[in-house]
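Visitor: Quick one: this structure, given as structure tokens, is what I'll be asking you about.
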Amino acid sequence: MVTKKRLLILIVLVLHYSNAQENYGKNQDSLSIKSYEYLSQAIIDYNDDGNKSSIYAKAWLKKAKSEENNFQIANAYKAHIHTANKNFRLLYADSMLIAAIKLNEVELIGSAYMTKGIVFYDRKEQMKALDNYLMADKYISQTKNEYLIYKLKYGIAQTKSYLGFYDEAISLFRECIDYFKEENDRAYLNSLHSLGLCYNRIGNYAWCTVTNQTGIDEGIRLNNLEMQPYFIHSEGINLCGLKKYNSTISKLTGILPTLKQNKDFANLSVAYFYIGKSFWSLNKKDKAITYFKKVEDIFKKENYIRPDLREGYEKLIDYYKQKGNIKLQLFYIDQLLKVDKILSQNYKYLLQKVVKEYDTKELLKSKYEIENTMTFRTIIGFSIICTLIAIIAFLINKHFKNKKLFDEIMRRDTSNPVITETSVVPPTFEKIINHDTNEAISSENTDKQSSQEISPDIETGILKKLEKFEQSKKYLEKDMTLAKMALFLNTNTKYVTKIIAKHRGKGTIDYITDLKINHIIEILKKETKYRNYTHKALGEEAGFGSTQNFTRAFKERNGISPTYFIYKLKKSLNEKSS
């Protein structure tokens, strides 16, 4: 039963599709007898209905191909550009150019190149757009078609504005405004909008406001409100330059839905940036970061960026640096390097093309400035990343090394004075003898005295006294020296040195110092009050002559400072109690 229902549905769909195809064919046949003027006007009339206008464009193309009329074929493809999906516009532009070249008509070829340039400009591929504008100029300059001449002039003005040559662009846009005011409403409004943007970029905010308001008023007069959101967009940016940040946020936020509906990611990105910049200037940095990230999202998706937007990346890096978020700081440094690379490539290409074709000395100067600036920023960015990585590696290594040394100290038996091992590798017996003997006798008698042996009875007696010295903690006396030890052990310094070297495996000074340090470690482990002592107090407790001598001796023997040891000890004991 289910199978029969599915089969019935399939048959209905096939019949419906066949009928649709037949009707479409009939529509094409019926429209093929219409004039080109009729088809062209129908496309204009159904401009807001993409499906209907597409039917008329296809009929136009079919009729032109059947008549092998290359002029109408070229214009039919141009009509397709306005009705087709963005992904196919470049294909139709190429087809228009091929038909125009076949006809070998100068004006049509120039128009085809300019149309292709416009398609590239809409795709935000300004480099390719400029190539086609320059090709168009070779042909259109040979004609007397003023409309095409000014349309191309508008395209070149846009390119100059993009490059930053605002004064030259302003001059061209003014010419376009004077011409298009009586010829084409939309081109007239577009020229006004572009002029306002240029005024803003040179800091002439007053004239920008006047131009934007003129554009809004003229749009109302002409009953053409398509450009109104873009004049508001321009004025929002202008208000940011005037430091009227709340007004900027209000205006730009208001037109975001329109930009999203138009899928205008470029102007959307610009709006996000200036909203973010305004929040940042109002010291609402958390809100600002949200909008700067939206600019980054568009950059990742569309690869769109322009010079004024890069400031957002600098603020993102600064924000996460202040927050101590190294991961995100490094991420946005990396993204800024990508942004600079794209800006450097695009500007270098455009500067070279305009200098070659229009011989503007200022372009060459700007080219070198941009290249040098971008190269410097790249080097600085790379250096920052390398430095941060090195610092991070050093801190991680230090953390694990200190933790290992702390664990070794905690395992050490510091309660037994006889065990005085440290993290320091002990010297050889011969070095101990030679070093300590020199403290008590002259160098010419060293060999003779070192060769003398101690009788077993004397050695046993001295050793017992040494143990008593350790148990009574005489080593804690301030500035305990070899001479003082010899006096306490009731023998000479040479014997003291030999006994300590043989039975404790150290030189006398190291032996006494280790006893002092182990004593401090032991009381720190067992008694809470000592953990709150200053270094000076701990040094006095152990009998060191100065605070510096104590801290130096502690670190030399343990590899870590007393401050770090006490910190880790407290933390360890707190964790155990928890």
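The values are calculated or read from the model by the stated rules, or taken from the named source; none is laboratory data. Since the structure is predicted, the reported quantities are computational estimates derived from the model, not experimental observations. Every residue, glycine among them, receives a Cβ derived from its backbone with ideal geometry; neighbour counts consider all protein chains shown. Areas reflect the complete protein model, heavy atoms only, side chains present, ligands, DNA and RNA absent. Shrake-Rupley method; radii C 1.70, N 1.55, O 1.52, S 1.80 Å.
Visitor: Considering (1) loosely packed, with under 14 Cβ neighbours inside 10 Å; (2) at pLDDT 80 or above, say which one Gln345 fails and leave the rest.
Guide: (2)
Visitor: For the range 195-205, name all the residues that are assigned to a helix (DSSP H, G or I) and under 15 Å from Arg174 (Cβ atoms).
Guide: Matches in the range 195-205: Leu195, Gly196, Leu197, Cys198, Tyr199.
Visitor: Could you list, in sequence order, all residues of the range 295-340 that are closer than 17 Å to Tyr272 by Cα, in a helix (DSSP H, G or I) and open to solvent by 70 Å² or more (accessible area, probe 1.4 Å)?
Guide: Scanning the range 295-340 gives Asp297, Lys300, Lys301, Glu302, Glu314.
Visitor: Next up: Being surrounded by fewer than 22 Cβ atoms within 10 Å (Cβ to Cβ), of a type in the set (Asp, Glu) and part of a helix (DSSP H, G or I) is the filter here; which residues of the range 206-264 pass it?
Guide: Asp217, Glu218
Visitor: Next question. Within the bounds of the range 484-500, is there any residue that is out of contact with any helix residue (DSSP H, G or I) (no Cβ under 6 Å at 6 or more places or on another chain), modelled with pLDDT under 90, in a helix (DSSP H, G or I) and of a type in the set (A, V, I, L, M)?
Guide: Yes.
Visitor: Any idea which of Thr513, Thr547, Thr493 is touching a Gly at 6+ places or on another chain (Cβ under 8 Å) and β-branched (Val, Ile, Thr)?
Guide: Details: Thr513 fails: touching a Gly at 6+ places or on another chain (Cβ under 8 Å); Thr493 fails: touching a Gly at 6+ places or on another chain (Cβ under 8 Å).
Every option except Thr547 fails the conditions.
Visitor: Taking the range 265-289 as the search range and keeping residues that are assigned to a helix (DSSP H, G or I) and among the basic types (Lys, Arg), which one is surrounded by the fewest Cβ atoms within 10 Å (Cβ to Cβ)? Full working, then the answer.
Guide: Taking the range 265-289 as the starting set, the residues that turn out to be assigned to a helix (DSSP H, G or I) are 265-281, 285-289.
Right, trim to among the basic types (Lys, Arg) and you get 277, 285, 287.
Values: Lys277: 23, Lys285: 18, Lys287: 14.
Among residues in the range 265-289 that are assigned to a helix (DSSP H, G or I) and among the basic types (Lys, Arg), the one surrounded by the fewest Cβ atoms within 10 Å (Cβ to Cβ) is Lys287.
Visitor: What tally of residues in the range 516-559 results from selecting those that are touching a Ser or Thr at 6+ places or on another chain (Cβ under 6 Å), open to solvent by less than 40 Å² (accessible area, probe 1.4 Å) and part of a helix (DSSP H, G or I)?
Guide: 7
Visitor: Which members of the range 191-203 meet the condition of being open to solvent by 50 Å² or more (accessible area, probe 1.4 Å) and of a type outside the set (Lys, Arg)?
Guide: At the first step, the residues of the range 191-203 found to be open to solvent by 50 Å² or more (accessible area, probe 1.4 Å) are 197, 201-202.
Hits for the range 191-203 are Leu197, Ile202.
Visitor: A further question on this structure: Do you know which residues across the range 162-190 are buried (at least 19 other Cβ atoms within 10 Å of the Cβ) and of a type in the set (A, V, I, L, M, F, W, C)?
Guide: The answer is Leu163, Phe165, Ala169, Ile170, Leu172, Phe173, Cys176, Ile177, Phe180, Leu189.
Visitor: Turning to a different aspect of this structure: Is there a residue in the range 478-486 that is surrounded by 14 or more Cβ atoms within 10 Å (Cβ to Cβ) and among the acidic types (Asp, Glu)?
Guide: no
Visitor: Regarding Gly155, is this residue buried (at least 18 other Cβ atoms within 10 Å of the Cβ), under 33 Å from the mean Cα position of the chain (by Cα) and small (Gly, Ala, Ser)? Don't jump to the end; show me each part of the working.
Guide: Numbers: buried (at least 18 other Cβ atoms within 10 Å of the Cβ): yes; under 33 Å from the mean Cα position of the chain (by Cα): yes; small (Gly, Ala, Ser): yes.
So Gly155 fits the description; yes.
Visitor: Working only within the range 498-511, note down all residues that are open to solvent by 10 Å² or more (accessible area, probe 1.4 Å) and either closer than 23 Å to Met410 by Cβ or hydroxyl-bearing (Ser, Thr, Tyr) (or both).
Guide: Arg504, Gly505, Lys506, Asp510, listed by residue number.
Visitor: So which residues in the range 77-104 are open to solvent by less than 50 Å² (accessible area, probe 1.4 Å) and either among the hydrophobic types (A, V, I, L, M, F, W, C) or touching a Leu at 6+ places or on another chain (Cβ under 6 Å) (or both), if there are any at all?
Guide: Ala79, Ile81, Ala84, Leu90, Ala93, Met96, Leu97, Ala99, Ala100
Visitor: For the range 373-419, give me each residue that is hydrophobic (A, V, I, L, M, F, W, C), farther than 30 Å from Gln335 by Cβ and at pLDDT 80 or above.
Guide: The initial filter retains those residues of the range 373-419 that are hydrophobic (A, V, I, L, M, F, W, C), namely 374, 376, 379-380, 382, 384-386, 388-396, 400, 405-406, 409-410, 418-419.
If we keep only those that are farther than 30 Å from Gln335 by Cβ as well, we get 400, 405-406, 409-410, 418-419.
Of everything in the range 373-419, those that are hydrophobic (A, V, I, L, M, F, W, C), farther than 30 Å from Gln335 by Cβ and at pLDDT 80 or above turn out to be Phe400, Leu405, Phe406, Ile409, Met410.
Visitor: Here's a follow-up. Out of the range 120-136, which residues are crowded, with 21+ Cβ neighbours inside 10 Å and at pLDDT 90 or above?
Guide: Result: Asn132, Ala136.
Visitor: In the range 284-312, what residues are touching a Leu at 6+ places or on another chain (Cβ under 7 Å) and of a type in the set (Phe, Trp, Tyr)?
Guide: Phe292
Visitor: Being of a type in the set (Gly, Ala, Ser), surrounded by 10 or more Cβ atoms within 10 Å (Cβ to Cβ), modelled with pLDDT of 75 or more and in contact with a helix residue (DSSP H, G or I) (Cβ under 9 Å, 6 or more places away or on another chain) is true for just one of Ser30, Ser53. Which residue is that?
Guide: One residue alone meets the criteria, Ser53.
Visitor: As an exercise: evaluate Pro562 against (1) free of Cβ contacts under 8 Å to residues at least 12 places away in the same chain; (2) of a type outside the set (A, V, I, L, M, F, W, C); (3) open to solvent by less than 50 Å² (accessible area, probe 1.4 Å); (4) within 18 Å of Arg412 (Cβ to Cβ) and give the number of the one condition it does not meet.
Guide: Among (1) free of Cβ contacts under 8 Å to residues at least 12 places away in the same chain; (2) of a type outside the set (A, V, I, L, M, F, W, C); (3) open to solvent by less than 50 Å² (accessible area, probe 1.4 Å); (4) within 18 Å of Arg412 (Cβ to Cβ), Pro562 violates only (1).
Visitor: Does Lys568 fit the bill of being over 13 Å from Ile409 (Cβ atoms) and either of a type in the set (Lys, Arg) or at pLDDT 90 or above (or both)?
Guide: No, not satisfied.
Visitor: Return the residues of the range 79-114 that are closer than 17 Å to Ser53 by Cβ and not aliphatic (A, V, I, L, M); say none if nothing qualifies.
Guide: His80, His82, Thr83, Asn85, Lys86, Phe88, Arg89, Tyr92
Visitor: What's the number of the condition Gln142 fails, among (1) assigned to a helix (DSSP H, G or I); (2) surrounded by fewer than 20 Cβ atoms within 10 Å (Cβ to Cβ)?
Guide: (1)
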